[in-house]
Amino acid sequence: MTIKLEIEHLAKIYPTGDGVKQIDFYVNEGELVTLLGPSGCGKTTVLRSVGGFIEPTSGTIKINNKEVHHLPPEKRPSAMVFQSYNLWPHMTVYDNLAFSMKLKKVKKKVIQEKVTEVLKLVHLLGMEKKYPSELSGGQQQRIALARALLLEPEVLLLDEPFSALDAKLRHELREELREIQAKRNLTMLFVTHDQEEALSISDKIVVMNNGHIEQIAEPQDVYNTPASLFVAQFIGRMNFVKGKAVNNTIRIGDLTFPFDDAYTGNVTIGVRPEDIQLADNRTSSIDALVDKSMMLGHFAEITLQTKMGSLKMFVDREQMKQIALKSTIPIHLNRFLIFNETGEVLNIIGG
Amino acid sequence: MWYFRTLGKRKIIEFIFLCLFMLFFFGPLLNLLLLAFAGEWQYPDILPSVWSLNWWSFVLQDESLVRSMWLSFVIATVVTLISIIICIPAAYAFARIRFPLRRFFLFSFLLTNAFPKMGLYVAIAVLFYQMNLMNTFTGIILIHIINTLMFMTWIPSAAFENVHKSQEEAARDVGASPLRVFWHITLPMAKPGIIVASVFTFLSSLNEAEGTFLVGVPNYQTMPVTMYSIIADYPSTAGAVFSVILTLPTIILLFAARRFVGADAFANGFKMK
Ligand SMILES: Nc1ncnc2c1ncn2[C@@H]1O[C@H](COP(=O)(O)OP(=O)(O)O)[C@@H](O)[C@H]1O
Ligand SMILES: [Mg+2]
């Protein structure tokens, strides 16, 4: 596999002191890599540095193994899709799409062919004469995507492209993007703050927090083996319980677990709701009072009161029938993570 | 009455306001128009008793009056062009660059319009005397531009602010140099504002009398300046004819601008979110 985009030691510090630092990652050809993190963590800063709209304080950005960070945006082999579409309202759809080719003095006939082809790809054939204001948000973003595709970019950059759209449309466009990627073998750097979106479309996720990278991994690894407390709480659902590690044991209230680590001090136990299960007779169990139940479609979320504290677990329809509110049930933790005081993972137990 | 009853109270009030507005707005204009074509018009009559084009031929045949008309249009055109050249880059800078003097500039622009004009002009005239600009074409142009700077900067500036920086970035991204972005994206998107400001500039220059009078006498007498002496020296019909000639470009230009701005830009530019 060839590396298309490579970012090394990138830092951008704004005059206010905010910004990003120690950004290192790469994107292989044909891959979709997502920058994921809460709002303000620096995703856009990284993406815009690649696009050429921000001058990094230090570090290198290479596309196809060539340094590009000294080039203006119009000279970079990247193309950008913005959250706010940014179509030009005084031009028709056709002119919006043709603009880049007209600048390059491409023949009119070729322009027409390419516009038709790309409109077919984004399912908007026949919209050539419309103005952006006559299109819905989803259609506008498809045109913006088409405009970027016409540049035949080495790397396609997308900054929260679907977050202004409603949930159903967002799902549709994600799928379409994946289809187009397969057809065109696109290499993409995708920014989102939506962990579900990131998990569903990425080949690789770069989790960012507060201007730095917390973890780079495939979606299932980010979910199953988060590198830090931050990643664990940002991605998916997780119960957190405070405890103490002393003499190879962990104490939570008056419960104790054996712990095979020299670490002594405060710890946080993290357990995903789906890793809490009804205990059968063979396993060691914890008593839990069923406090609340919330129906969430094909499953329910149950709030339990235990000696460890309050825990949430998921149960399916069949189990729900057997569990009465305010009854006590035995539960078992199938798998959990132990974090030290600074949020690093010490150990993963079970599973 | 049945007709009004079906309309409801609010509609009737709206109707009355509309009538009042039409009366105030078009009444004087209509009166002016009638007067310009009147031969004889006694006070209580609603229409002139005799129609005539005498004063039209008088005005249009008087060489000095025709010359003043030409002068007015030439000055207005030059003032508009120079204002565009000076103000459009300034307007863009105001819209894009957040320099600290922004507020100060806005304030100083407003200030020139807050003082009584004559006071400002007298101060300028003193300066013009020292610079030998009194009774010159350049002097008149300068004094007009002082007036037009304000809206020629602030209206386009607001229009430029409506062009989002990211829309320009999108154009950079597809391969346009900064200059091409300005020419193909920013300028066309701000066009409605620039046209409106240019029309304002043209008209305000066309109608400017005080400053022109102060700086331009005796050699440069534009229409509004000449108007004073016509009103003083001739019957009101002559003044009416002259007013109609002075009003005509205003109306034509406003309608043209409305149609032009309305047709392509208002519809597709401003509707955008
Ligand atoms: N032009 C700027 N000047 C100063 N600070 C900025 C600027 N742009 C972004 N920031 C700050 O840098 C941090 C990262 O911003 P950004 O990259 O936009 O985050 P994200 O896209 O993840 O929401 C934030 O704290 C933001 O306030
Ligand atoms: Mg952002």
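In this entry, B:L142 passes the filter for residues that are hydrophobic (A, V, I, L, M, F, W, C), within 16 Å of B:V79 (Cβ to Cβ) and open to solvent by 40 Å² or more (accessible area, probe 1.4 Å).
Check the stretch A:248-271 and report whether any residue there is part of a loop (DSSP other than H, G, I, E, B), at pLDDT below 90 and in contact with a Pro (Cβ under 9 Å, 6 or more places away or on another chain). Checked the stretch A:248-271: at least one residue is part of a loop (DSSP other than H, G, I, E, B), at pLDDT below 90 and in contact with a Pro (Cβ under 9 Å, 6 or more places away or on another chain).
Looking only at the stretch A:67-84, residues that are more than 7 Å from every other protein chain (Cβ to nearest Cβ), within 19 Å of A:G30 (Cβ to Cβ) and not in a loop (DSSP other than H, G, I, E, B) come to 2 in all.
So how many residues does the stretch A:297-343 have that are assigned to a strand (DSSP E or B) and not hydroxyl-bearing (S, T, Y)? Qualifying residue count for the region: 23. For the subset of the stretch B:170-184 comprising residues that are in contact (Cβ under 8 Å) with a residue 12 or more places away in the chain and open to solvent by 40 Å² or more (accessible area, probe 1.4 Å), which member is nearest to the other protein chains (Cβ to nearest Cβ)? Looking at residues that are in contact (Cβ under 8 Å) with a residue 12 or more places away in the chain and open to solvent by 40 Å² or more (accessible area, probe 1.4 Å), I get B:H184. Within the stretch B:217-244, the set of residues being over 27 Å from B:N132 (Cα atoms) and open to solvent by 50 Å² or more (accessible area, probe 1.4 Å) comprises B:I231, B:A232, B:D233, B:Y234, B:P235, B:S236. Looking across B:L214, B:L149, B:L187, B:L254, one residue alone is surrounded by fewer than 22 Cβ atoms within 10 Å (Cβ to Cβ), of a type in the set (A, V, I, L, M) and within 14 Å of another protein chain (Cβ to nearest Cβ). It is B:L187.
Looking only at residues that are of a type outside the set (A, V, I, L, M, F, W, C) and touching a Leu at 6+ places or on another chain (Cβ under 8 Å) in the stretch A:155-177, which one is nearest to A:N28 (Cα to Cα)?
The initial filter retains those residues of the stretch A:155-177 that are of a type outside the set (A, V, I, L, M, F, W, C), namely A:159-161, A:163, A:166, A:168, A:170-172, A:174-176.
Imposing the further condition that a residue be touching a Leu at 6+ places or on another chain (Cβ under 8 Å) reduces the set to A:159, A:161.
Values: A:D159: 19, A:P161: 21 Å.
Selected residue: A:D159.
Figure legend. Inter-residue proximity from the stretch B:23-36: first residues more than 17 Å from B:I231 (Cβ to Cβ) and touching a residue at least 40 places away in the same chain (Cβ under 8 Å), second residues outside any helix (DSSP H, G or I) and not basic (K, R), beta-carbon distance below 6 Å, spacing 6+ or different chains. No pairs are indicated.
For the stretch A:148-169, the set of residues classified as more than 16 Å from ligand 1 (Cβ to nearest atom) and modelled with pLDDT of 95 or more consists of A:A148, A:L149, A:L150, A:L151, A:E152, A:P153, A:E154, A:V155, A:L156, listed by residue number. Among residues of the stretch A:43-68 that are farther than 18 Å from A:P15 by Cβ, those with a beta-carbon under 7 Å from a residue that is within 15 Å of ligand 1 (Cβ to nearest atom) and among the polar types (S, T, N, Q) at least six positions away or on a different chain give the pairs A:I61/A:S49. Among the residues making up the stretch A:85-117, those that are on the phi > 0 side of the Ramachandran plot and at the interface with another protein chain (Cβ under 10 Å from one of its Cβ atoms) are A:Y85, A:N86. Among all positions in the stretch A:20-28, there is at least one residue which is within 16 Å of ligand 2 (Cβ to nearest atom), more than 14 Å from chain B (Cβ to nearest Cβ) and modelled with pLDDT of 95 or more.
Restrict the check to the stretch A:37-54 and report whether at least one residue is surrounded by fewer than 19 Cβ atoms within 10 Å (Cβ to Cβ), on the phi > 0 side of the Ramachandran plot and within 14 Å of ligand 1 (Cβ to nearest atom). Yes: the stretch A:37-54 contains one or more residues that are surrounded by fewer than 19 Cβ atoms within 10 Å (Cβ to Cβ), on the phi > 0 side of the Ramachandran plot and within 14 Å of ligand 1 (Cβ to nearest atom). Restricting attention to the stretch A:119-141, the residues being surrounded by 20 or more Cβ atoms within 10 Å (Cβ to Cβ) and facing another protein chain (nearest Cβ under 9 Å) number 2.
Pick out the one residue from A:L145, A:L119 that is in contact with a Leu (Cβ under 6 Å, 6 or more places away or on another chain), part of a helix (DSSP H, G or I) and at pLDDT 95 or above. Every option except A:L119 fails the conditions. Listed by position, the helices (runs of 4 or more DSSP H) inside the stretch B:135-215 whose residues that are in contact with a Phe, Trp or Tyr (Cβ under 7 Å, 6 or more places away or on another chain) number at least 3 are B:137-162, B:165-173, B:187-207.
Rundown of residues vs (1) closer than 30 Å to A:K75 by Cβ; (2) away from ligand 2 (no atom under 16 Å from the Cβ); (3) of a type in the set (S, T, Y), yes/no style:
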position: A:T187; (1), (2), (3): yes, yes, yes
position: A:Q195; (1), (2), (3): no, no, no
position: A:V206; (1), (2), (3): yes, no, no
position: A:I216; (1), (2), (3): yes, yes, no
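Of all residues in the stretch A:73-118, those being surrounded by 14 or more Cβ atoms within 10 Å (Cβ to Cβ) and within 30 Å of A:H9 (Cβ to Cβ) number 10. Within the bounds of the stretch A:6-19, is there any residue that is within 7 Å of ligand 1 (Cβ to nearest atom) and either within 19 Å of the chain's Cα centre (by Cα) or assigned to a strand (DSSP E or B) (or both)? Scanning the stretch A:6-19 turns up at least one residue that is within 7 Å of ligand 1 (Cβ to nearest atom) and either within 19 Å of the chain's Cα centre (by Cα) or assigned to a strand (DSSP E or B) (or both).
The values are calculated or read from the model by the stated rules, or taken from the named source; none is laboratory data. These numbers come from a predicted model, not from an experiment. As a convention, Cβ positions derive from the backbone with ideal geometry for all residues, glycine included, and neighbour counts pool all protein chains shown. Heavy atoms of the whole protein, side chains included, go into the accessibility calculation; ligands, DNA and RNA do not. Shrake-Rupley method; radii C 1.70, N 1.55, O 1.52, S 1.80 Å.
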